[in-house]
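Worksheet: one structure, shown below.
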Amino acid sequence: MNSSPESGDVSTGEVSIWDWDFALSIVPEIMAGLGVTLLAVILGMLIALTLGLAWTVMRRSASRWIRWPAGAVVEFVRSTPLLVQIFFLFYVGPVIGLKLSPLVAGVLALGLHYSCYTSEVYRAGIESVAKGQWEASRALNLSALQTYRLIILPQAVTAILPALGNYLIAMFKDAPLLSAITVMGILQRAKIIGNETFRYLEPFTIVGVIFLVLSLISGLAVNRLEHRMKRRFA
């Protein structure tokens, strides 16, 4: 790709001018990475939701041999940067026999990191359920699994949806960090275009707009789901 003549020379320090022809020409290449970014976020969020619930149940266990290790893992992950965790899984993993592709390492890092935050969301939602519901479950001889599945989680879901939606949007914002391990998402493709053409204004602006649109769509979807759940359990 070649930048337009009127865009100015980056090396001279001249201000770059937006070039619509160039911007439109790179849209298909940037959009080719959108599927990778969406896949990473969707799979990462599924891991975060599932593992986060597991952390919560383990931390509520009566056994300290289950409760303490789970709490230690959650606090450790929450206290370390996501980028460090991404690098650890991708670069240190092979040293301990865990060889992962960039995308798999990135998805696991996102899922593990955010599971420790969704765990706190689940905990707050579960604790908001009246204690009488737990007592009624015991009186009905329901198992722990039945109690969570049939009684507690349906009542907690309306309280936890807004926070889970916020973490989904936050994960979209953190997904570009996967470019640090060469995951070919939209940010990595924008960086490659910029390095090849010495034009960074258009590719990074397009990427920013895409992330803005994705965040808005995610927020609207979560709000709509929240309203539906409130009507259902009202």
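We did not get these values from a lab; they are worked out from the coordinates using the rules stated. Model, not experiment: these values are computed from the prediction.
Stretching Ile192 away from Leu150 to a fully extended chain increases their span by 10.1 nm, per 0.36 nm per residue minus the current alpha-carbon distance. Looking only at Ile17, Ile217, Ile160, which one moves most when the chain is put into a Gaussian network model with springs between Cα atoms under 10 Å? Comparing Ile17, Ile217, Ile160 in a Gaussian network model of the chain, the most mobile one is Ile17.
Identify which of the listed values of semi-axes √(5λ) of the Cα gyration tensor in Å was calculated from the structure shown: [x] 26, 24, 15; [y] 27, 19, 18; [z] 43, 22, 12. Looking at semi-axes √(5λ) of the Cα gyration tensor in Å for this model, the match is [z]. Go ahead and set up a Gaussian network model of the chain, Cα springs under 10 Å, then flag whichever of Ala40, Ala72, Ala159 fluctuates most. Answer for the Gaussian network model of the chain: Ala72. Here is what passes the span test in the chain: the DSSP H helices with alpha carbon length of 27 Å or more along the helix axis and a Kyte-Doolittle mean of -1.0 or above are 34-59, 102-127, 153-174, 201-233. Using 0.36 nm per residue and subtracting the Cα-Cα separation, the extra length available between Glu29 and Ala54 on full extension is 5.1 nm.
With 0.36 nm allotted per residue and the present C-alpha distance subtracted, the Ser63-Ser143 stretch has 27.1 nm of extension available.
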